[in-house]
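One structure is given here, and the rest of the page talks about it.
The values are calculated or read from the model by the stated rules, or taken from the named source; none is laboratory data. Quick caveat: nothing in here was measured; it's all calculated off a predicted structure. Reconstructed Cβ throughout: ideal geometry from the backbone, glycine too, with neighbour counts over all protein chains shown. The protein model used for the area step is the full one, side chains on, heavy atoms only, and it has no ligands, DNA or RNA in it. Shrake-Rupley method; radii C 1.70, N 1.55, O 1.52, S 1.80 Å.
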Amino acid sequence: MGDPMKWVKKDPEKENVFWPTEAAKARAWVSDESIYAEAKADPVAFWEKYAKEIHWFKRWDKAYEFAPEAYKWFVGGKLNLSYNCLDRQIDAGNGDRIALIWEPEPVEEEAISLTYKELHRLVSKFSNVLKGLGVTKGDRIGIYMPMIPEAVIAMQACARIGAVHSVVFSAFSPDSLRDRMVDAGAKVVITADGYYRRGKAIDLKKNADTGVEGTPVEKVVVVKRLDKSTPMTPGRDLWYHELMDGASESHQAEEMDSEDLLFLLYTSGTTGKPKGIMHTTGGYAVQSYLTAKWNFDLHEGDIYWCTADVGWITGHTYINYAPLLNGVTSLLYEGSPDAPDYGRMWAIIEKHKVTQLYTAPTAIRMFLKWGNEWPKKYDLSSLRLLGTVGEPINVDAWMWYFEVIGGGRCPVIDTWWQTETGANMVNNLPGIGPFIPTVAGRTFPGVHGEILDAGGSVLAPGEGGYLAIFSPFPPALTRGIYGDMERFKAQYFTEYGPERYFTSDGARMDETGNTRITGRVDDVMNVAGHRLATAEVESALAQNNKVSEVAVVSRPHDLKGEVPIAFVLLKGGVDHSDEIRKELMGTVNQVIGPTGRPDKIIFVDDVPKTRSGKIMRRVLKALVRDEPVGDLTTLQNPESVDQLKSLVDYKGG
Ligand code: WT7
């Protein structure tokens, strides 16, 4: 075999700047710079043009309508997202292509491939199952599932019948499931008996049982993944396979209004309470479809692998909906990247001849740490393109990804976006470039972003400020927070008014529009790619009755990006000990799940407070980062800072 094709070349003048080769341009869906000007001149017409590439039962009457906190896309249009993923592919003659490849964690188990026709059949059957359970359009359905094909089937079936799915990450605690199911008013939860993680069978059903207590959930559908018996609650719990056995294969997809609610996905805001981000059908479908097609250069025969979990927005959009909208194969891996050893990622790429890999900086840093010998053992020459998402990437991780994994041949597409934006918003295109470490790139065509100062003025190139997205808003931008439109307005549209969406991310942009995202400017952390509010960890710890007061701040971490550090004041009479520390970690596990665990719990006698009694988190943050604490004159207890200085001194810890 000859050398694999090169898709990028070095800039002759600038260090670490790469451009698409002629071959990449020839292959890419867009390779002409003029696409940006065209989209900018009339963004609404731009999105309309590409909206016509998907299937509508009825075309829209009006493409974009703006009202404060009530913007709409493709008004009057009728479509079904699952129909677009499945029926449309079959109608176009793609029914025998592989839609999904599922790679189980245990290496002795065989991978499963499902064609578009087979997936269509299963989704149709499960749609009938849900209808048989009394689920109708608009009902909310919880999905608490591991990385198995049934997770995709469940989401697709909801979309097909017009039910609103609310996926809860399988590693989230029962309490998290309960809060979300109560907030969403969910009628049914779809779960599994368990899954494999690092060779261990994890019991998910037990958590689901606890999590649905005290919620409006009437039925629990359980997928059998493990070879063990599982207690089932009569009248409530139903086996997926038994329901599927008797279900009809014929199902007509529901005609949904473009603005009908498609799904809710809970994510962390700055308070202790996660918010239900709402996404509607038409705009989400169009932007998911187009961004995946252009950004990941999706073509017939591609085996595309996004390593996110279906519980995150990345999994929703770029494992499930967008690859299927584009008729490619989406790979789903059940388990951990270190099972059975550090080579698993690369073994999967070799085995399935993966063409695009989309992962997160925190994962890349971990692979880098594990060493080059692992990827070197495998043939990675099938890869054509690499993607990254979730947090700012550092130069070392980018270069390692580019050179060691991509063999210096593949572009690295650094996509900035959020749960709220539904789909990619800022990144450079594989046929246009440039590809520069730490620079996400320009806003996707049809998306207008600017860097603003606190007062809302557009900043000059190179100046650091806040990234804002201007109306006409991109079609997939969230339509609100479920049951809390006041919070929606307060969070995103008070800073710069109703026509400029405030992202909460710091950024700077050069003369050519290439943007570097510098990270969150609020109290939202990015812990190993998981979004988490410091307030959530605080309120979890506060649930332990030995805790009197608690403050949580983030601290940079080599591998995880950021980690929470908790300052805890215990109630009078309670002495601190490793025992209590363990107990508190357990409390966080119970309330949030392992993703919320502090990196460090520091017991203190006092925390710095303002005269009005508010905890000065700014000072704590400076302390854990070894930065100057700044002006302390407004504190009621400046002496607390000295004590803390000695306590936080745990360099390298
Ligand atoms: C936050 C959103 C949407 C995908 C997964 C995360 C950060 C996301 C990047 C990137 C720098 C990034 C931002 C954003 N972020 N992508 N390419 N470069 N930062 O979704 O959990 O809603 O988190 O992730 O801070 O606000 P999320």
Using alpha carbon centroids, what distance separates segment 55-85 and segment 523-547, in Å?
37
Just the accessible area for Asp237, please: 1.4 Å probe, Å², rounded to the nearest 10?
20
Stokes-Einstein, Kirkwood over Cα pairs, segment 150-275, 4 °C, 1.567 mPa s; D in µm²/s equals 82
Mean accessible area per residue over segment 215-370 (1.4 angstrom probe, all protein chains present, square angstrom) is 30
Segment 218-245-segment 180-211 distance, computed between alpha-carbon centres (Å)
12
What is segment 49-99's relative contact order, in percent, from Cα pairs under 8 angstrom and six or more apart in sequence?
30
Just to be sure I understand: of the beta bridges DSSP finds with both ends in segment 243-331, what percent are antiparallel, rounded to 5?
65
Under a cut-off of 27 Å between alpha-carbon atoms, report the lysines in cross-link reach of Lys14, not counting same-chain residues fewer than 8 places apart.
Lys6, Lys25
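Determine the share of the chain's accessible area contributed by carbon and sulfur atoms, expressed in whole percent, with a 1.4 angstrom probe.
That share works out to 49 percent.
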Cα to Cα, under 13 Å, and not fewer than 8 places away if on the same chain: which aspartates and glutamates meet these conditions relative to Lys376?
Glu350, Glu403
Need one value: the accessible area of Phe473 in square angstrom, 1.4 angstrom probe, rounded to the nearest 10.
0
If you build the convex hull over the alpha carbons only and average its shadow over all orientations, what do you get for segment 291-403? Give it in nm² to one decimal.
6.6
Per residue, how much accessible area does segment 42-182 have with a 1.4 Å probe, in Å²?
33
List every residue whose amide H lies under 5 Å from the amide H of Cys306, counting only residues 5 or more places away in sequence or on a different chain, with H placed 1.01 Å from N in the peptide plane.
Leu331, Tyr358
From the P(r) of segment 259-338, could you give the percentage of C-alpha pairs in the tail past 20 Å?
40
Pairs beyond 32 Å (Cα-Cα), from Lys571/Lys645; Lys219/Lys275; Lys224/Lys546; Lys137/Lys293; Lys52/Lys219
Lys224/Lys546; Lys52/Lys219
Efficiency by 1/(1 + (r/R0)^6): what FRET value for Asp32 and Asp453, r their Cβ-Cβ distance, R0 = 41 Å, to the nearest 0.05?
0.75
The chain - share of DSSP beta bridges that are antiparallel (%, nearest 5)
60
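Just flag the GluC sites (Glu not before Pro) in segment 57-138 sitting in loop per DSSP whose Cβ has no more than 14 other Cβ atoms within 10 Å.
Glu69, Glu108, Glu109, Glu110
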Starting from a Cα-only point model with no solvent, please compute log10 I(q)/I(0) by Debye for segment 204-314 at q = 0.16, 0.19, 0.23, 0.24 1/Å.
-1.24, -1.30, -1.25, -1.26
For segment 309-330 and segment 601-653, write down the distance between their C-alpha centroids in whole Å.
43
Residue-normalised accessible area of segment 403-455, given per residue in Å² at a 1.4 Å probe:
17
Provide, as a two-decimal number, the C-alpha radius of gyration of segment 447-564 over 2.2 N^0.38 Å, N being how many residues it has.
1.24
Per DSSP H run of n ≥ 4, the term is -39500 (n - 2.57); total these for the chain, divide by its residue number, and report the mean residue ellipticity at 222 nm rounded to 500 deg cm²/dmol.
-8000 deg cm²/dmol
Restricting to Cα pairs under 8 Å and 6 or more apart, the percent relative contact order of segment 131-285 works out to 22
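Semi-axes of segment 1-82's equivalent ellipsoid from the Cα gyration tensor, sqrt of 5 times each eigenvalue, largest first, rounded to whole Å?
With the √(5λ) rule applied to segment 1-82, the semi-axes are 38, 18, 11 Å.
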What number, in percent, do you get for the relative contact order of the chain if the mean sequence gap of Cα pairs under 8 Å and at least 6 apart is divided by its residue count?
13
Put Glu579, Glu627, Glu259 in order of accessible area, largest first, 1.4 Å probe: what do you get?
Glu579, Glu627, Glu259
For the chain, what log10 I(q)/I(0) values come out of the Debye formula at q = 0.09 1/Å, with one point per alpha carbon and no solvent?
-0.75
Rank Pro149, Pro474, Gly185 by how far each Cα sits towards the positive end of the charge dipole of the chain (+1 on Lys, Arg Cβ; -1 on Asp, Glu Cβ) and give me just the farthest.
Gly185
